[in-house]
Amino acid sequence: MREDGHETKKAVKGDWVQISKIILKAGERAPNIPTETKKVPLIMKIKGFLAKEYAYLGETVEIKTVTGRELTGEMIAVNPIDEINFGKPQPELITIGKEVKALLAKE
C-alpha cells in the first residue's frame, strides 16, 4: 500500500488493464428508471492496453482498446479476468457446430 492509500500493483506500457469511468452521476440518470438505479452512477468498465510508461491501481490512465479507441479512466485492474458467466453448457449446443458443418458439406 502506498502513502496515498492506493495498492502498489503496477502496470507498464502495453499491459492489459481495465479502467472504470463514471458516465452519468446519480442525479443525471433518466427519470423513468427504477428508484434503486437512480441512486447510483452509471459506470463504464472497459479493457485495453496501457498507453503511459507505467501506472498504479487507482490512477487516471489512458488506454487503447483492441478496436483502437483511446479512453481515459481510473485503472482498476491489471490483467483483469473475464467475469461473464453464461451458465452451464447445454449438451445440444456443444456439438451443433460440428453437426451444421457436416450438413453443409453434404449440400
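Against the conditions (1) closer than 16 Å to K10 by Cα; (2) surrounded by 15 or more Cβ atoms within 10 Å (Cβ to Cβ); (3) not hydroxyl-bearing (S, T, Y), where does K52 fall short? Just the number, please.
Only one criterion is unmet by K52, namely (2).
Could you list, in sequence order, the residues of the range 34-87 that are within 14 Å of the chain's Cα centre (by Cα), of a type in the set (D, E, K, R) and modelled with pLDDT under 95?
D82, E83
Can you confirm whether K47 is of a type in the set (K, R) and surrounded by 15 or more Cβ atoms within 10 Å (Cβ to Cβ)? Walk me through how you get there before you give the answer.
Working: of a type in the set (K, R): yes; surrounded by 15 or more Cβ atoms within 10 Å (Cβ to Cβ): yes.
Taking the combined requirement at face value, the residue satisfies it.
The values are calculated or read from the model by the stated rules, or taken from the named source; none is laboratory data. Since the structure is predicted, the reported quantities are computational estimates derived from the model, not experimental observations. Here the Cβ is made from the backbone with ideal geometry for all residues, glycine too, and neighbour counts use every protein chain on show.
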